[in-house]
Each structure stands twice: as C-alpha cells, then as structure tokens.
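Structure record follows, encoded as structure tokens.
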Amino acid sequence: MSNIQLSPRAALMAVITALVAGIMVSLAIRPPGRAPAPAAGTLSDAPPTQLIRWKMPSAFGTNLPVIGESILYFADSLSKASGGAIRLEPFEPGELVPALSVTDAVKEGKVEAGMTWLGYDQGRIPASPLLASVPFGMEPWEFMAWWYEAGGQQLGSALYERHNTKPLLCGLLGPETAGWFRKPIESTADLDGLKIRFAGLGGQVLQRLGASVTVLPAAEIFQALEKGAIDATEFSQPVVDKMLGFDRVAKYNYFPGWHQPFSAMHLIINMDRWNGLTPQAQSMIEIACTATVARYIANSEAAQGEVVQAFAQAGVTVGTLPRDTLEQLRRAATEVLDAEAAADGDFARILASQREFSQVYGAWKRVGYLPRDF
C-alpha cells in the first residue's frame, strides 16, 4: 500500500470532520439531556451492599407449615434479591439457643439476629405481647395498618431499642384455634382447674377463669398432651397443629381464636449490627420482611380450609365456644389488659395507640365489609 501525504490544513480538517461526526452519532443514539448508560463494570454492576453472613435462630422449626416455611422463604428471598450478598442462615429451635430465648440471645450479641414471636418476651418486656397477639384485638390486616401506617412500628422500635434490638415485622398469620381439648367445653365452668398450655396474654385471661396455665415450646407439647401432663393446648393454626399431631390425642378443637385474632412474627436484630449496616442493606432486609408478611398471610389463609374439612374423618369434633364463655373471656381480657397497662408505662402507651386506631378504623370496618353471616 502506498503512503499518502496530507498537508497540515487537510489534516486539521480531517480531525474536525471526525469530531463533528462523532458528536452527531452520539446525539442520534442519546438525545440531549439523557444521561449516558453506564459502562460494564461500573458502579451499577457492583454488589448491592456489603457482604453479610449472620446466624438466625428461630423459635419455630422450619419443618412446620406456614410459620416455619416463612422463615426459609425470607432467608432465600433476601439472598436472591441481594445477589447472595446478604445471607441469614436459619437455625432450628434449641440448636443455638432455646426456642423461648431468641430475643435474649440477640440482645446479648450471642447471635446477630433471630426470628420469634414477641409474646415469649413477656417476662422481661411486659409490653411485648401487644406486638405479637392481643386477646379480642385486631384482625391481621388491621394490625398491618396499625404497624405500618399508624405508629406501631415506631412504638415497637422504641420499646426494643432499650433492649439493644431492632424488631422488624416479618410474618403474619390469621386467627389460631381456641385450643385442643380432651373433653368438651360446654360452659365456662369447664375451664376451672383445666391444665392447659397457653402463651401470652391469653394465658393470663384463662388464669382469671381458674385454668392452670403453662408455656411449652412446640417440640414438647405433644408428649405433654399424650401423657396427660396437660389437659389441653393451643399453639397455632389448624395446618400447623395437625402436623404436630394434636388431633391424634385431643379430639375437641374449638374456635374462634379469641386470644390471637392475629399472630405476628418478628425478625429481631442486634442493635449494634443493625446500626452497622448501610441504608441500602437495611432497606433490603425490610423489603424482604414485608414481602414475607404479604406472602404468608396469603399462604396461611389458603391452607386452613382443607385441613378443617378433613378433621371430621379423623374423628375430631370442630366446635365453637359457647357465646356466654366468649363474653366472660372478653371481660377477663379487658381486665388483664387494663391491669397490665396500669403496671407498665410502655404497655399503657402501646395499648392506647392500638385502641385509638381500632376505634377510628372501626368506622370503616363496620360499613366497608359484608357481614360475616351474609
């Protein structure tokens, strides 16, 4: 190939022509005012957050429907959404810490986080059951509205911050059963002297009506019921209780779940660990928890009907507590709530917030929904 010699003037014109052509091509591809797409390997392709590897013990076995499955869903969703950057490894009850002591382990920094039902903290944090379930209290979507939109989350965070932990709503169920009984409940008198496994504020209500109440973790309930150490038990919803085998040793299953119209699960995070996260990592954990709440309220509602329908074939009598018994339980529940509020300022503050919200929400609830017997 021969060499071509250009004059200085011609060379300058060639450079200017190439520059103008490049600008025109750029404008054709990217109109003025629009930022250029980032090149591969720039910030947009960087990992979404810092690497997090935490242990997450649970109060519930991951083999349990709904309450156990939701823990696995949360951990898996968070890992996938973060591209594997955030991994919270679930541990079974008792594997790292006792089932009823998850919050204490997180508070003391023995583990970074844990999944639990806050009602188990009642002995150490008197107001905690109000964030877990309230007798004759809010229904699930009403609790969600209070938590996310009416100050509940702020009140819960303030309560647990003093215990070096951050609570995030990370699971929600509808009502539980009122319990599994060896003998039928025909009147309130049948509760007097009854030995029953019960948790939270509902247990205090039953004590006022003469029952003998004990709190047991899930793994210990069947054996206690089978051997007669207890006469009855409550634990969760029908699909969970069936897997635990209660229908094999107690043939009377009563409704409605007056003691837990909603049941909330929370992810508890050590406060130092939480504060050490970037805002982006905090947001991703919160989003994964919110997704778990939505997914598993749907899951829990979908799962119960088929189980309840099948109870008759297993020889289980599905009954409704007598109206008079429910009225007496409600009166006793009001007494328990008022007594707890008088004894603890946090309890009083949170209860007042819930009652105020329910009163306002009731104006909508009464007119917005069809009657249950319609």
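Say we look at segment 59-80 and pick out the residues that are touching a Pro at 6+ places or on another chain (Cβ under 8 Å) and outside any loop (DSSP other than H, G, I, E, B); which of these is surrounded by the most Cβ atoms within 10 Å (Cβ to Cβ)? Only one residue tops the list, namely Ile71. Inspect segment 299-314 for any residue being buried (at least 22 other Cβ atoms within 10 Å of the Cβ), outside any loop (DSSP other than H, G, I, E, B), modelled with pLDDT of 95 or more and touching an Asp or Glu at 6+ places or on another chain (Cβ under 9 Å) and give the result as yes or no. No - not one qualifying residue is present in segment 299-314. Counting only residues that are among the polar types (S, T, N, Q), outside any helix (DSSP H, G or I) and surrounded by fewer than 19 Cβ atoms within 10 Å (Cβ to Cβ), segment 245-298 holds 1 of them. Cβ-Cβ under 9 Å, sequence separation 6+ or interchain: first residue in segment 82-101 and in contact (Cβ under 8 Å) with a residue 12 or more places away in the chain and in the same structural domain as Gln282 (by TED's automatic domain parsing), partner part of a strand (DSSP E or B) and surrounded by fewer than 15 Cβ atoms within 10 Å (Cβ to Cβ). Which pairs? Here the result reads Ile86/Arg53; Arg87/Arg53; Leu88/Arg53; Glu89/Arg53, each pair linking segment 82-101 to a residue that is part of a strand (DSSP E or B) and surrounded by fewer than 15 Cβ atoms within 10 Å (Cβ to Cβ).
Look through segment 157-208, keep the residues that are free of Cβ contacts under 8 Å to residues at least 60 places away in the same chain and among the small types (Gly, Ala, Ser), and return whichever of them is farthest from Glu234 (Cα to Cα). If we take residues in segment 157-208 being free of Cβ contacts under 8 Å to residues at least 60 places away in the same chain and among the small types (Gly, Ala, Ser), then Ala158 is farthest from Glu234 (Cα to Cα). Is it true that Glu112 is over 14 Å from the mean Cα position of the chain (by Cα) and under 25 Å from Glu69 (Cβ atoms)? The answer is yes for Glu112.
For residues that are in a strand (DSSP E or B) and of a type outside the set (Ser, Thr, Tyr), scanning just segment 211-238, find the one that is nearest to Gln122 (Cα to Cα).
If we filter segment 211-238 for residues that are in a strand (DSSP E or B), which is where we start, we get 212-214, 232-233.
Keeping just the survivors that are of a type outside the set (Ser, Thr, Tyr) gives 213, 232.
Numbers: Val213: 15, Ala232: 22 Å.
Looking at the filtered set, the residue picked out is Val213.
Helices (runs of 4 or more DSSP H) fully within segment 110-210 that include at least 2 residues being touching a helix residue (DSSP H, G or I) at 6+ places or on another chain (Cβ under 9 Å) and farther than 30 Å from Gly228 by Cα: 140-149, 152-161. Residue pairs whose Cβ atoms lie under 9 Å apart, sitting 6 or more positions apart in sequence or on different chains, and linking a residue in segment 333-351 that is of a type in the set (Ser, Thr, Tyr) to a partner that is assigned to a helix (DSSP H, G or I) and surrounded by 19 or more Cβ atoms within 10 Å (Cβ to Cβ), do not occur here. Within segment 313-324, being free of Cβ contacts under 8 Å to residues at least 40 places away in the same chain and under 31 Å from the mean Cα position of the chain (by Cα) holds for one residue alone: Arg323.
In a residue-by-residue description of segment 161-169, the property of being touching a Cys at 6+ places or on another chain (Cβ under 8 Å) and either surrounded by 15 or more Cβ atoms within 10 Å (Cβ to Cβ) or at pLDDT below 95 (or both) applies to at least one position.
Please go through segment 81-103 and give me each residue that is closer than 15 Å to Gly171 by Cβ and part of a helix (DSSP H, G or I), ordered by number. If the condition is that a residue be closer than 15 Å to Gly171 by Cβ and part of a helix (DSSP H, G or I), then Val102 is the only one that fits.
The values are calculated or read from the model by the stated rules, or taken from the named source; none is laboratory data. Just so you know, these numbers come straight off a predicted model, no measurement behind them. Neighbour counts are summed over all protein chains in view; Cβ atoms, including those assigned to glycine, are modelled from backbone coordinates with ideal geometry.
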